[in-house]
Amino acid sequence: AAAAPAQVVQVQPIARPARLRQRHWGLILSFVLFVLAPFAATLWYLAEVATDQYLSVTGFTVRSQESNGASELVGGLLQFTGGSTASDSDILYNFIQSHEMVAAVDAEIDLRRHYSQVWPTDWVFGIWPDASQEDLDWFWNRIIGISYDSSTGLTEVSAVAFDPETAQAITTAIVRQSQDRINALNEQAREDAMRYAREDLEESLTRLKGAREALTNFRTRTRIVDPASDIQGRMGVLNNLQQQLAAALVDYDLLRGTAPASDPRVIKALQLIDVIRERIAIERAGFTSDSTDTGGIGEDYPSLIAEFESLSVDLDYAEETYRAALTALEVARDDAMRQSRYLATYIKPTRAESSEYPQRWILGGLIGLFLLLTWSILALIYYSIRDRS
């Protein structure tokens, strides 16, 4: 039998030893240029060029003075005299970073002269001598740090400078300017409170004068001081007439029993009874009639009483409002005599004995990490594009 043909096995060639190609050398060169060289330059700059900086820290909060006595009598009228201490702390937080604060501190310390003394040697941590006010505002946020807790109202401010005296002077100036701003807010709140209290008092006084004048006009027009008292007087007259009528009727009955109807005494008794009855009718008609012929005054009593009660209510309300406005004015004046809000410094501006900034190892490490991550991302992007092409 014929032998089966032998199967031929193909073997892949053995991979050649790896060796650096041109792209690998380019990657190494880019690592040196974009990572090692900038990192070494950064370390050299931080070690040899960067100027030592000293830190000063201060902490403060806005406190509100407790108000007792007269303020409790008016049910918290002082709530209208100002905002809360939390809002004051928010104001200070923004005020410390404002252009006004930078200009005020610069006027006291001359920030340009101090921070430009290292220029152009230390150009990273210094500022150019001819910097504008806007440039100084930008640089201000680099030399100060603010930590503010809105829940407690505590504010902590730090400042760095090339000597401890200047750093302490900056934080001291910040505390002083913040105190002045709180005082200004207090003064404005007190002026507003006094102005509002005076306006309320003038308005209530005008209302009181108007109510009294309206009541006086009513009494002049009707010639009645108090309709209720007038009614009581007229009721007394009516009751007296009814008593006289009863007595006249009794006398008439007695005469009828002893004298004839043509007796002059009987006729006179009847006339007296008729006159009294007519007068009683006139008096009763005068309560609801506006006719002067029936004893009225030109206006019916129900309308007069309603008008009088309305004017009396207006007068009572005006008097109560006037008394409340007087009390509010006294409270506002009493509160204006003392400082209701003040700046409580729980950390006085510190003076450093040794430099803490710049933090060379931390800055160097962060810059090195940033350079390495940037180079790695660019390398990955390059190889991704290369593999797709």
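The values are calculated or read from the model by the stated rules, or taken from the named source; none is laboratory data. Worth saying up front: this structure is predicted, and the values here are computed from it rather than measured. For neighbour counting, all protein chains shown are included, and Cβ atoms are generated from backbone atoms with ideal geometry for every residue, glycine included. SASA here: full protein model, heavy atoms, side chains in, ligands and nucleic acids out. Shrake-Rupley method; radii C 1.70, N 1.55, O 1.52, S 1.80 Å.
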Cα-centred dipole magnitude for the stretch 82-239, charges only on beta-carbon of K, R (+1) and D, E (-1), debye, nearest 20 | 1580 debye
For the stretch 176-189, what does the Karplus curve 6.51 cos²θ - 1.76 cosθ + 1.60, with θ = phi - 60°, yield as ³J(HN,Hα) per residue in whole Hz, taken in order and with x for Gly and Pro?
-> 5, 5, 5, 5, 5, 5, 5, 4, 5, 5, 4, 5, 5, 5
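Below 14 angstrom from the Cβ of VAL124, what's the summed charge of the other residues (Lys, Arg +1; Asp, Glu -1)?
-1
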Residues with amide H under 5 Å of SER116's amide H, sequence separation 5 or more or different chain, H placed in the peptide plane at 1.01 Å from N; which?
-> ILE127
Lys/Arg +1, Asp/Glu -1 at C-beta; the stretch 162-249 dipole; positive extreme among ALA184, ALA214, PRO227 = PRO227
Taking the Cβ of LEU29 as the center, what net charge do the other residues with Cβ under 15 Å away carry, scoring Lys and Arg +1 and Asp and Glu -1?
-> +2
Compute the distance in nm between two label points, each set 7 Å from the Cα along the Cα-to-Cβ direction, one at SER150 and one at ILE347.
-> 2.1 nm
For MET194, what charge total do you get from the other residues with a beta carbon under 12 Å from its beta carbon, if Lys and Arg give +1 and Asp and Glu give -1?
-> -4
Can you send over the carbon and sulfur percentage of the accessible area for the stretch 85-191, probe radius 1.4 Å, protein chains only?
-> 50 percent
Find how much the distance from LEU36 to TYR317 grows on full extension, using 0.36 nm per residue of separation minus their present alpha carbon separation; answer in nm with one decimal.
-> 92.6 nm
Sorted by chain and then number, the residues having a modelled amide H within less than 5 Å of the amide H of LEU154, at least 5 places away or on another chain, are ASP149
